[in-house]
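Inspection log for the structure reproduced underneath, given as structure tokens.
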Amino acid sequence: METTMPARQYWSLILILGTMTALGPFSIDMYLSGYQAIAEDLHVPTERIGLSLASYFIGISAGQLLYGPLLDRFGRKKPLYAGLIVYLIASAGCIAARSLESFVLLRFIQAIGSCAAAVASVAMVRDLFPIKDSAKVFALLMLVVGASPMLAPTIGGYITAAWNWQAIFIVLGGMGLLLMIACFAFLPESHQPDTSMSLKPGPIINGFWAVMREPQFYTYALTGAFAFSGLFVYVSSSPVVFMNIFRVSETHFGWIFAGLSVGFIGSSQLNSLTLRYFRSEQIIRIALIGQALIGIVFFAGSYLGWFGLTSTIIMLFLYLSCLGFANPNASALSIAPFKKNAGTAAALMGALQMGIGGLASTVASLFHATSPVPMTMLMAATALISVAILFLGGLRITNPVFLHDGGDTVVLH
């Protein structure tokens, strides 16, 4: 069956959903360049500002579990508005913060608010688009999200230099306000409230457990989470690897970071073209095997001292490119079995991704790295774990819901 959707509506939905997904990453990346200014203003060592990043990651992971049941119980838009209001209040609080403790707490609250947009965007992809097109839609959302690591730190640096670090949170608050207006004006309600859903702790836990027991969900959600955690390891380790070990300047590091982001973003867009010829389950299998093989070669070469700066950049580019193919398909296949409780599934998938990724990032930060070996070891390990989960979990999927199995198709006009 075909469903006609005007091209203008299709692309406006992609833009709004992509911005919803990007709100959290922008809130992480934009203030990084203001670390030193924030530390000076709050009279603490610069490294202690990292606590505000840790609290943000904790807020993202916990908040996604909060919004899943709310999005299924009350519809998508009411919890979304509530979360964005929390985000705006916390952004204003960050501007007025005068102590590290209050700043860390407000960043946690800001993360809780941004989670509403992140979880709602994933659930609404399942609501608004045919199941067979969901991998393509997730790839398009990654194009918007991928702009964060390329644009946000640079924008934050210019804002801090021209005004002060507080102006960064004024811009983030403005972004949240514009997003709320866009959602109100152009985003349809895609899921009617389900009054049969209870918000008591017992039924909520049972709801999450029912999702987690679905073999297709835990196979692809955990596969995607461990594969994606390789990106977390890279992000947390790359400043040390490039600036401390390879002695790259801060300016050159920014360009390297942006260039490597092109590999991840570009492959996620090529994924849409590849889906014309291959199924999502085929693409993710090939991409993850490639990611694991590259990770093994990268680790072995780093251990043996084969790789210099240029070859390290090339290996990272290849590794991230494989991840760009794997991630949209893992997300789409994870939530494919769910319609009624897609919000709960999206929340659990996001919490797994952020939780496992945050854990991998923490492990990476424990190493006193004098070479790229700790980074490459963890990147290889997470990739191998993802491949193992994919093949072992696949044996337990008896009634798969694949993206090519019938369903509606969107015809743009």
Do you know which residues across segment 10-34 are out of contact with any strand residue (DSSP E or B) (no Cβ under 7 Å at 6 or more places or on another chain) and aromatic (Phe, Trp, Tyr)? 11, 26, 31
Looking for something open to solvent by 30 Å² or more (accessible area, probe 1.4 Å), assigned to a loop (DSSP other than H, G, I, E, B) and in contact with a Leu (Cβ under 9 Å, 6 or more places away or on another chain) - is there at least one such residue anywhere in segment 264-273? no
Have a look at 383, 347, 332, 388 and point out the one that is among the aliphatic types (A, V, I, L, M), open to solvent by 20 Å² or more (accessible area, probe 1.4 Å) and assigned to a helix (DSSP H, G or I). 388
Report whether or not residue 234 is hydroxyl-bearing (Ser, Thr, Tyr), out of contact with any strand residue (DSSP E or B) (no Cβ under 8 Å at 6 or more places or on another chain) and buried (at least 23 other Cβ atoms within 10 Å of the Cβ). yes
Go through 288, 352 for me and flag whichever is farther than 30 Å from residue 247 by Cβ and either within 14 Å of the chain's Cα centre (by Cα) or free of Cβ contacts under 8 Å to residues at least 40 places away in the same chain (or both). 352
Verdict on residue 269 being farther than 29 Å from residue 366 by Cβ, modelled with pLDDT of 85 or more and of a type in the set (S, T, N, Q): no
What single numbered condition from (1) touching a residue at least 60 places away in the same chain (Cβ under 8 Å); (2) surrounded by 22 or more Cβ atoms within 10 Å (Cβ to Cβ) fails to hold for residue 116? (1)
Matching residues in segment 73-89 - criterion: being under 21 Å from the mean Cα position of the chain (by Cα) and either closer than 15 Å to residue 28 by Cβ or charged (D, E, K, R) (or both): 76, 77, 87
Of these, 184, 217, which one is surrounded by 14 or more Cβ atoms within 10 Å (Cβ to Cβ) and assigned to a helix (DSSP H, G or I)? 217
Collect the residues in segment 322-349 that are modelled with pLDDT of 90 or more and either under 14 Å from the mean Cα position of the chain (by Cα) or under 20 Å from residue 255 (Cα atoms) (or both), keeping them in residue-number order. none
Among (1) over 15 Å from the mean Cα position of the chain (by Cα); (2) farther than 19 Å from residue 188 by Cβ; (3) of a type in the set (S, T, N, Q), where does residue 61 come up short? (1)
How many residues does segment 8-44 hold that are free of Cβ contacts under 8 Å to residues at least 12 places away in the same chain, open to solvent by 30 Å² or more (accessible area, probe 1.4 Å) and in a helix (DSSP H, G or I)? 5
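The values are calculated or read from the model by the stated rules, or taken from the named source; none is laboratory data. Because the structure is predicted, anything quoted here is derived from the model rather than measured. Neighbour counts are summed over all protein chains in view; Cβ atoms, including those assigned to glycine, are modelled from backbone coordinates with ideal geometry. Accessible surface is based on the protein model in full, side chains and every heavy atom, while ligands, DNA and RNA are left aside. Shrake-Rupley method; radii C 1.70, N 1.55, O 1.52, S 1.80 Å.
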